[in-house]
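Report on the following structure.
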Amino acid sequence: MNRRNFLTTTGAFLASKALYGAAEKNETYVYVGSTAKGEGEGIHMGKWDPSTGTVSDMKLAFQATQPSFLVSGRKKGKTFVFSGHQPQPTMAALSSFEVDSSGSLKIINTIDFEDLEESLIQIVLDKRCDCLVSASYRSSKVFSFTVATDGRLSGPVSNFQLSGSGPNPRRQTTAHAHGAVISPDNGFALINDLGTDKIMVYKLAASSAVLTPNTPPFFTGKPGSGPRHLAFHPSGKWAYCISELDSTLNILNWDAKTGKLTFVESVPTLEAGADITKNRAGEVIVDKSGHFLYACNRGPAEELLAYSIESKGGLKLIARTPLGGKEARHFALSPDGRHLVVAEQSTNFVTVFSRDLRTGELNPTGNKYPLNHPSCVVFV
């Protein structure tokens, strides 16, 4: 390594260390959603120890059926957690909680409305915690809700029904809203439609939670690709879409003024020669520093993928790390960035990997916590 590369790498490492260290102080609890059904299932919580990458006193924090996805936010000095859940096969519910000093969840309110199973499969808050946007997979509905100063949720404000289909006869007979994300400037909400190979783009009026179809209203991906989730780079220049059906990571330029996505490059998540028909690419996240991206494969490979993000937004594979379990449904970086916590949905464990801030590499710590069908990990 020459002197210039050494200084650049060292500078990035120190900047990343400072960035994550600043976020660590106020976030000490981890909450885990679940797709499990039955009495006693719901949102679990535990105390997070950043020095050891361990979770202690894991317990049920709120009983609910299939609280599959969670999101947290702060407003007026208070911390909130929001969760969708499924009280009935044709009824969805969305609950708001205030987090007290012990990490316990204090229910604020719950709203319910008609929707099919696998509702609220992903939910997202805007940057000011003024509104929440959700995607429902089976019904392919998109909802938005306001969040009051005290964390109270409104009923649905905007409601869009997606439609259409794709060429995959097994997975794309209809539209399937799968991912929800807010643009870095808080001006747009994007919804990944796995069933039609589209990424829907809506203008977002966060204070009122009103969504308006953008012009153009969507980005169209490769036929049969099945866009699952999307993550923005902190710079706001690029978006990274992981496509479940063709196992690719798609690099997209983002125009914050027009809300337009433009295709740049597609990167395979599987090794050359692997059978994509047996694989399902899963989650995608970008670290706070913008230097690294993490994704996963679910299927024969069952692996976590680490990439470095190049100066122009390109991706370079760093390492493939075996999951050691099955179905990495979701994962999240710890507040200090030194650990990645994974929800192993099919092997019923929450698993911790250490992360090298300088190289981005992941390594198993051996810290595993049994939990029935974990599906989402959130730090508060």
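What follows is calculated from the coordinates using simple rules that are stated; it is not laboratory data. What you see is a predicted model; the values in this text were computed from it and never measured. We place every Cβ from the backbone using ideal geometry, glycine too, and count neighbours over all the protein chains shown.
Summary table
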| item | result |
| --- | --- |
| For the range 146-201, with +1 on Lys and Arg beta carbons and -1 on Asp and Glu, the positive-most of HIS178, ASN159, LEU190 along the dipole | HIS178 |
| Separation of the GLN63 and ARG320 label points, Cα + 7 Å toward Cβ, nm | 4.5 |
| Proximal charge balance of HIS373 [Cβ under 10 Å; K/R count +1, D/E count -1] | -1 |
| Gyration tensor (alpha-carbon) shape descriptor, the range 3-379, a/c threshold 1.5 | rounded |
| Separation of alpha-carbon centers, the range 234-251 and the range 316-380, rounded to whole Å | 20 |
| Assigned charges on the beta-carbon of Lys, Arg, Asp, Glu; the range 3-379 dipole about Cα centre (debye) | 840 |
| 18 Å tail of the calculated P(r), the range 38-161, as % of Cα pairs | 52 |
| The chain, relative contact order in percent, only Cα pairs under 8 angstrom and at least six apart counted | 13 |
| Cβ crowding within 10 Å averaged over residues, with 72-84, 327-339 ranked highest first | 327-339, 72-84 |
| Spin-label model distance (nm) - LYS47 vs ARG152, 7 Å beyond Cα toward Cβ | 3.4 |
| Förster-model FRET efficiency, 22 Å R0, LYS203 and THR173, C-beta, rounded to 0.05 | 0.15 |
| The chain: most fluctuating residue of SER163, SER354, SER311 per GNM, C-alpha cutoff 10 Å | SER311 |
| Gyration tensor verdict on the range 292-345 (Cα atoms; rounded if a/c is under 1.5, prolate if a/b is larger than b/c, oblate otherwise) | oblate |
| Set LYS37/LYS78; LYS106/LYS237; LYS198/LYS316; LYS141/LYS368; LYS37/LYS326; LYS78/LYS316 screened for pairs whose C-alpha atoms are more than 28 Å apart | LYS37/LYS78; LYS106/LYS237; LYS141/LYS368; LYS78/LYS316 |
| Whether the range 241-320 is rounded, prolate or oblate, judged on the alpha carbon gyration tensor where a/c under 1.5 counts as rounded | prolate |
| Length released on extending from LYS127 to SER308, taking residue separation times 0.36 nm less the Cα-Cα span | 62.6 nm |
| Contour excess over end-to-end distance, with Cα ends at SER266 and THR90 and 0.36 nm allotted per residue | 59.6 nm |
| Fully extended contour minus Cα-Cα distance, from THR277 to ALA256, at 0.36 nm per residue | 4.1 nm |
| Candidates VAL157, VAL32, VAL352: whichever shows maximal mean-square fluctuation once the chain is modelled as a Gaussian network with Cα springs under 10 Å | VAL157 |
| Distance between the range 95-170 and the range 172-228 - C-alpha centres, whole angstrom | 15 |
| Separation in nanometres of the label points that stand 7 Å from Cα toward Cβ, at PHE160 and ARG138 | 2.3 |
| Within a Gaussian network of the chain (alpha carbon springs, distance under 10 Å), most fluctuating of CYS296, CYS129, CYS241 | CYS129 |
